[in-house]
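Below is one structure, written out as structure tokens; comments come after it.
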Amino acid sequence: MWDTERFYSLLPQEIPRGKLHLFDETDSTNLVIRRMAISGAPEGTAALAARQSAGRGRLGRSFASPPGGGIYMSVLLRPDVPATDYALLTPCAGVCVCEAVEEVCGVRPGLKWVNDVLLGEKKICGILTESVLGGATKGTFVVLGIGINGNT
């Protein structure tokens, strides 16, 4: 489903190919990045999927992510800030999504609470940020998931 060479040719040179993983289908890009983080993947590792079979949202809700319906991605962060500041990542990502949609599509979406991006009354994006603090894993990390509904 992905035209990998074309996709990579559109990316800025500073994004290394080895950190970007493309999937035609996966369970959840957040789960993919969590597994990679536990295995020691570096900060900035990202997963993009054309479809998720088990996309997730806040409070254990499901997130619909049909093939061809949008952009489903997660990125691994290993922030060098106090864990109390992690709560700022979700609204920051929401603002970034709003700015990107406006730049690409010429329409201005807004934020509902901290994790939903709306265009008018319609939800066009959900953001799920999950943190893992130390323990038996490879240190503290945050998984930032962004699901943008493009054709649904």
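Observations on the model:
- Share of carbon and sulfur in the accessible heavy-atom surface of the range 5-88 [1.4 Å probe, %]: 57
- Ranked by solvent-accessible area (1.4 Å probe, protein heavy atoms only, all chains present), the residues Val97, Val75 order from largest to smallest as Val75, Val97.
- Overall form of the range 50-96 per C-alpha gyration tensor (a/c, 1.5; a/b vs b/c): prolate
- GNM remark for the chain: springs join alpha carbons under 10 Å apart, and the peak mean-square fluctuation among Thr84, Thr45, Thr29 falls on Thr84.
- Assuming charge only on the beta carbon of Lys and Arg (+1) and of Asp and Glu (-1), the dipole of the range 4-152 about its Cα centre is about 360 debye to the nearest 20.
- Distant-in-sequence amide H partners of Thr140 (H built 1.01 Å from N, under 5 Å): Gly134
- Of the GluC sites (Glu not before Pro) in the range 1-33, those whose Cβ has at most 11 other Cβ within 10 Å and which sit in DSSP loop: Glu14
- Between Leu119 and Ala83, the simple label model (points 7 Å from Cα in the Cβ direction) yields a spacing of 3.8 nm.
- GluC sites (Glu not before Pro) within the range 59-152, DSSP loop, no more than 10 other Cβ atoms inside 10 Å: Glu121
- In the context of the full protein assembly, Ser39 retains an accessible surface of approximately 100 Å², using a probe radius of 1.4 Å and ignoring ligands and nucleic acids.
- Shape call, the range 26-112: gyration tensor on alpha carbons, a/c limit 1.5: oblate
- Rounded FRET efficiency, nearest 0.05, which uses the C-beta distance separating Ile15 from Glu102 and R0 of 22 Å: 0.50
- Shown here for the range 79-143: chymotrypsin sites (Phe, Trp or Tyr not before Pro) in loop regions (DSSP other than H, G, I, E, B) with at most 11 other Cβ atoms within 10 Å, namely Trp113.
- The helix-only estimate of mean residue ellipticity at 222 nm for the chain, built from DSSP H runs of length n ≥ 4 each weighted as -39500 (n - 2.57), is -7000 deg cm²/dmol after division by the residue total.
- For the chain, modelled as a GNM whose springs connect Cα atoms under 10 angstrom apart, the maximal fluctuation among Ile33, Ile71, Ile15 occurs at Ile15.
- Check: the range 7-88 dipole with +1 on Lys, Arg Cβ and -1 on Asp, Glu Cβ, in debye: 220
The values are calculated or read from the model by the stated rules, or taken from the named source; none is laboratory data. Keep in mind that what you see is a predicted model, and the values were worked out from it rather than measured. Virtual Cβ from ideal backbone geometry, glycine too; neighbours counted across all protein chains shown. Keep in mind that these areas ignore ligands, DNA and RNA; they rest on the heavy atoms of the full protein, side chains included. Shrake-Rupley method; radii C 1.70, N 1.55, O 1.52, S 1.80 Å.
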